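Trainee: The structure that follows is given in the form of C-alpha cells.
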Amino acid sequence: MNKKDFLSPPNIVSLVRIVMSPVLLWLAWHQEPFLYMLALLFTLFTDVLDGFLARTLNQVTKLGARLDSWGDFIIYTTLVVAAWWLWPEIIIEEIIAVLAIIISFAIPVAIGLIKFRTLTSYHTWAVKIAVFITIVSYVVTFMDWARWPIYVAATVAVLAAIEEIAITLVMRHEHADVRSIWHALKYYRDN
C-alpha cells in the first residue's frame, strides 16, 4: 500500500474521528457537556462522511473498512467513559440498558477477535440501525429529555449483536462488509 492510498479522503475522515476521541474525553473530564455534545455530533458526522466519500469517490478499500471499524470501536468506548464522567447518576439509574448496549457492542467484537484474530468489519444494516438509535438515545437520555429511548436502543443493539455473532459463526474466514446474515450464508455457500 502506498501513502496516497492511505491518505485518501475517506481514510483521512476516519482518522479525524479517531483523533476526536481524546478531544471528547478532555471535554467530558472538564465537565463541558454542551461542548462535548457538539464535538460528539461532529464526530458522528465524520462516521457518516467517510462511508459516503468512499462510495462516491470509488475508494472503498479493506483498509478503509478497518479504519472505520477501529474508529467506531474507539469512539464507542469513549462514549461510555465520557458518559460516566459527565452523568454517573444517569448511568447508575439506567445500568441495565447501558450494560445491554455495551455488551451488545463488545461481545461480537470479542468473538470475531477470537475466531479471526482481527477486528471484524461487517458494517451490517442491523448494526447501522442500532448505532443510529443508540446515538439518538444517548443524546436524549443524557440531556435528560427522556429515558425510554435507551431501552429501545438496548433491544435493537441486542438483536444486531445476535446477527453479528451468527455471521462470525457462519463465516469460514474474515470478510469485510457483510451486510446481513443472508449475505454471510451466501458467502458460506459460494466458498
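Please treat every number below as a calculation from the coordinates, not as lab data. Note that the structure is predicted; figures quoted are calculated from it, not measured. Neighbour counts run over all protein chains shown; Cβ positions are idealised from the backbone, glycine included.
Trainee: Quick one: which residues, 5 or more positions from residue 8 or on another chain, have an amide H under 5 Å from its amide H? H modelled 1.01 Å from N in the peptide plane, none for Pro or chain starts.
Mentor: It is none; the list stays empty.
Trainee: Pairing the Cα long axis of helix 62-86 with the longest principal axis of the chain, what angle in degrees results, from 0 to 90 and rounded to the nearest 10?
Mentor: 20 degrees
Trainee: Considering all projection directions equally, how large on average is the shadow of the alpha-carbon convex hull of segment 1-86, in square nanometres?
Mentor: Here the figure is 5.2 nm², rounded to one decimal.
Trainee: Tabulate in residue order the Karplus-calculated ³J(HN,Hα) for segment 97-109, using 6.51 cos²θ - 1.76 cosθ + 1.60 with θ = phi - 60°, rounded to whole Hz; enter x for Gly and Pro.
Mentor: Result, rounded to whole Hz: 5, 4, 5, 4, 5, 4, 5, 5, 8, 7, 4, x, 5.
Trainee: Here's a follow-up. Please return the longest stretch of the chain lacking exposed loop sites, where trypsin sites (Lys or Arg not before Pro) count only if DSSP places them in a loop and at most 16 other Cβ atoms lie within 10 Å.
Mentor: Longest run free of exposed loop sites: 1-116.
Trainee: Can you check what the Kirkwood hydrodynamic radius comes to for segment 94-155, Cα pairs only, in Å to one decimal?
Mentor: Across segment 94-155, the inverse of the average 1/r is 12.4 Å.
Trainee: Which net charge results for the neighbourhood of residue 114, defined as the other residues with beta-carbon distances under 14 angstrom from its beta-carbon, given Lys and Arg at +1 and Asp and Glu at -1?
Mentor: 0
Trainee: Any chance you could give the angle, 0 to 90 degrees and rounded to 10, that helix 9-29 forms with the longest Cα principal axis of the chain?
Mentor: Once rounded, the angle reads 30 degrees.
Trainee: Next question. Towards the positive end of the charge dipole of the chain, with charges on Cβ (+1 Lys, Arg; -1 Asp, Glu), say which of 152, 175, 91 has the farthest Cα.
Mentor: Most positive-ward Cα: 175.
Trainee: Grab every C-alpha pair in segment 58-191, bin the distances at 5 angstrom width from 0 up to the longest one, and report whole percents.
Mentor: Bins of 5 Å from zero give 2, 11, 19, 22, 18, 13, 9, 5, 2, 1, 0 percent of pairs.
Trainee: Which chymotrypsin sites (Phe, Trp or Tyr not before Pro) from segment 110-186 combine a DSSP loop assignment with at most 15 other Cβ atoms within 10 Å?
Mentor: Within segment 110-186, the qualifying chymotrypsin sites (Phe, Trp or Tyr not before Pro) (loop, at most 15 other Cβ atoms within 10 Å) are 145.
Trainee: Gap in Å between the Cα centre of segment 92-126 and the Cα centre of segment 127-165?
Mentor: So the separation of the two Cα centres works out to 13 Å.
Trainee: What's the lysine pair count for the chain at a Cα cut-off below 24 Å, pairs eight or more apart or interchain?
Mentor: Lysine pairs, 8 or more places apart or on different chains, close enough: 8.
Trainee: How big is the equivalent ellipsoid of segment 57-115 along its three axes, where each semi-axis is √(5λ) from the Cα gyration tensor, reported in whole Å from largest to smallest?
Mentor: 28, 15, 8
Trainee: What does the charge count around residue 90 come to, taking other residues whose C-beta lies under 14 Å from its C-beta (Lys +1, Arg +1, Asp -1, Glu -1)?
Mentor: Spelling it out: positives minus negatives among the neighbours equals -3.
Trainee: Could you state the angle between the C-alpha long axis of helix 181-190 and the longest principal axis of the C-alpha atoms of the chain, as a value from 0 to 90 degrees rounded to the nearest 10?
Mentor: 20 degrees
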